[in-house]
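Chemist: Here's a structure for you.
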Amino acid sequence: MFFVFPNARLIPSPFYKSVVAEGLTTASIYNGMILPASFGDPEAEYWRIIEGVSQWDVGVERQVQLKGPDAGKLAQILSPRDLSKCKEGQGKYVPLCNHQGTLLNDPIVLKHADDLFWLSIADSDMWIWARAIAAERGLDVEVSDPKVAPMALQGPKAEDVVASVMGDWVRDLKYFWFKDSEVDGIPVAVQRSGWSKQGGFEIYLKDPAKGTQLWNIFKEAGKPYGIGPGGPTTAERTESGLVSLGGDTDSRTNPFEVRLGSYVNLDVDDDVIGIQALRRIHEEGPKRHQLGLKLEGKEPAPLGFEWENIEQNGKKVGDMTNCVWSPRMKQNIGYALISVEVQAGQEVQVKREGGVVNAELCELPFL
Ligand code: THG
């Protein structure tokens, strides 16, 4: 039994009642909302994402809506990734940085029209930032929260489930492309996306009063495919090499350190926030990089609330930012944010609560 004391500060997901009815047992907090993590059987929930189809309440992936004549201009000023060729109906994964080139967020940008964009954000308040920048630059754009909530279907059978509800056209959607549609009169946008590498879709619910109805439609449609509730899993996303903002990044991390350099276009206009700093960091070369860690030991030993020190020859060289048991690799794996002088293939020592654990560094992703 899971119980949250309701208050006006904690925004309910439109799917909250549904996930409680499904037997939610574990959750975390993200963007001022509850992010469901488990329904009591993490092992089964993991394999459902790898082999079947899993249904996620990811209403925490809130939208920062930019609307008005300067919406595109603001999106580009906020993002060091070139958005000039982004088409209507296309999404792009972008790092957002401050003036020092430090990562603030890593949303998917959805371009609905020249004057309408959504930033589908990770866990940090980007409305404050977007409004401040729009005002400082004198832009004609309204920044708002459109109260849209994504629900994800992830796993190799997700496409069949979504096609059975929406129609076969969803099979032709390219990665991060989306389309507005309706399900039983409920307004949604359907995108090929999701925080796993097992394939899937996100159904962005545009009418928050219809969460239970939408949840049940996909739950029913998924029954022949063995659908069940789940959530983004640390195990799958770590095996797959996805970055968790605020988990794998700290207050001085830049995109080059965490393998997001390919989403930075150094030749964007000079008015893009952080671009001068990013050019300088790129030229000097980043000091840290992100590698995988394969740890010794045959018992699950997840990371707690804090990063753990990584040493080589008795000297601190970096941090382990995440650690989880990999059911497919049958060992503990993690990410190292570590000095560029230390390379894949080398051995390091992680200072853990129970003692020192040897680990081998490797390139990401693991799988
Ligand atoms: N869905 C939606 N919004 C989101 C997330 C989501 N906002 C927050 C968070 N998740 C954003 N972070 C990511 C990180 C990685 C990916 C998606 C969202 C991702 N990356 C692929 C990769 O790194 O291999 C592909 C990137 C690419 O090639 O462009 O999928 O999950 N709505």
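The values are calculated or read from the model by the stated rules, or taken from the named source; none is laboratory data. Everything numeric here is computed off the predicted structure, so don't read it as measured data. Methodologically, a virtual Cβ is constructed for each residue, glycine included, from the backbone with ideal geometry; neighbour enumeration extends over all protein chains shown. We work out accessible area using only protein heavy atoms, side chains counted, and drop any ligands, DNA or RNA first. Shrake-Rupley method; radii C 1.70, N 1.55, O 1.52, S 1.80 Å.
Chemist: Please state the relative contact order of the chain as a whole percent: Cα pairs under 8 Å, 6+ residues apart?
Modeler: Relative contact order, the chain: 17 percent.
Chemist: Could you tell me the relative contact order of the stretch 313-367? Use alpha-carbon pairs under 8 Å, at least six residues apart, and round to a whole percent.
Modeler: Computed value for the stretch 313-367: 25 percent relative contact order.
Chemist: At 1.4 Å probe size, with the rest of the protein present, what percent of the exposed accessible area of the stretch 247-344 is carbon and sulfur atoms?
Modeler: Details: 2300 of 4900 Å².
In the stretch 247-344, the share of accessible area belonging to carbon and sulfur is 47 percent.
Chemist: Of the beta bridges DSSP finds with both residues in the chain, what % are antiparallel, to the nearest 5?
Modeler: 95
Chemist: Okay, next question. Give the carbon-plus-sulfur fraction of the accessible surface of the stretch 91-141 in %, rounded to a whole number; probe 1.4 Å, heavy atoms of protein chains only.
Modeler: C and S fraction of accessible area: 49 percent.
Chemist: Checking the a/c ratio against 1.5 first, then a/b against b/c, what shape does the Cα gyration tensor give for the stretch 14-76?
Modeler: prolate
Chemist: Please report, in Å, the Rg and the Dmax of the stretch 328-367, where both are computed over Cα atoms only.
Modeler: Cα-based Rg and Dmax for the stretch 328-367 come out at 10.9, 30 Å.
Chemist: Another question about this same structure. Suppose accessible area is computed on protein heavy atoms with a 1.4 Å probe; arrange GLU283, GLU299, GLU61, GLU360 from highest to lowest. Display every interim value, and only then the final one.
Modeler: Numbers: GLU283 165, GLU299 135, GLU61 35, GLU360 80 Å².
Largest accessible area first, the list is GLU283, GLU299, GLU360, GLU61.
Chemist: Then there's this: Name the residues of the stretch 64-104 whose amide N is less than 12 Å from a point 7 angstrom out from the Cα of ASP270 along the C-beta direction?
Modeler: Counting backbone N atoms under 12 Å from the label point, the list is empty.
Chemist: Once you have the Cα-Cα distance between GLU363 and ASP207, take 0.36 nm times their residue separation minus that, and quote the gain in nm to one decimal.
Modeler: Working it through step by step, the gained length comes to 51.9 nm.
Chemist: Give, in nm to one decimal, the length gained when the segment between LYS315 and GLN331 is fully stretched (0.36 nm per residue of separation minus the Cα-Cα distance).
Modeler: Working: separation 16, 0.36 × 16 = 5.76 nm, distance 2.52 nm.
So the chain would gain 3.2 nm between LYS315 and GLN331.
Chemist: Take the chain, connect every pair of alpha-carbon atoms lying under 10 Å apart with a spring to form a Gaussian network, then pick out the residue of ALA37, ALA71, ALA27 with the largest mean-square fluctuation.
Modeler: In this elastic network of the chain, the residue with the biggest mean-square fluctuation among ALA37, ALA71, ALA27 is ALA27.
Chemist: Moving to a separate point now. Hey, can you find the accessible area per residue of the chain for me, probe 1.4 Å, expressed in square angstrom?
Modeler: On the way: 16270 Å² over 367 residues.
Ligands and nucleic acids excluded, the figure is 44 Å² per residue.
Chemist: Full-extension gain between SER339 and LYS197, please, as 0.36 nm times their residue separation minus the C-alpha to C-alpha distance. Don't skip to the end; give the middle numbers.
Modeler: Working: separation 142, 0.36 × 142 = 51.12 nm, distance 2.74 nm.
This chain segment gains 48.4 nm when fully extended.
Chemist: Label-point separation (nm) for PHE5 and SER181, each offset 7 Å from Cα along Cα-to-Cβ?
Modeler: 4.3
Chemist: Tell me which of GLY211, PRO229, GLY261 sits at the most positive position along the dipole axis of the chain, charges placed on C-beta atoms (Lys, Arg +1; Asp, Glu -1).
Modeler: PRO229
Chemist: In nm, to one decimal, how far is the modelled label at ALA135 from the one at ALA44, with both set 7 Å along Cα→Cβ?
Modeler: Once both label points are built, they end up 5.1 nm from each other.
Chemist: Taking DSSP loops as anything outside H, G, I, E and B, show the longest stretch in the chain free of trypsin sites (Lys or Arg not before Pro) there with at most 12 other beta carbons within 10 Å. Walk me through the intermediate numbers first.
Modeler: Values: sites that count: ARG9, LYS85, LYS87, LYS174, ARG252, LYS298, LYS330.
By the stated rule (loop sites, at most 12 other Cβ atoms within 10 Å), 88-173.
Chemist: While we're here: Give the relative contact order (percent, whole number) for the stretch 170-270; include only Cα pairs under 8 Å separated by 6+ residues. Before the final figure, lay out each step's value.
Modeler: Details: 86 pairs, mean separation 16.5, N = 101.
Here the relative contact order equals 16 percent.
Chemist: Quick one: if you stick a label point 7 Å off each Cα along the C-beta vector at ASP114 and GLU88, how many nm between them?
Modeler: 1.0
Chemist: Also, I was wondering about something else. ASN31 to ALA163: FRET efficiency via 1/(1 + (r/R0)^6), r the Cβ-Cβ distance, R0 25 Å, to the nearest 0.05?
Modeler: Step by step, r from the Cβ atoms, then E = 0.25.
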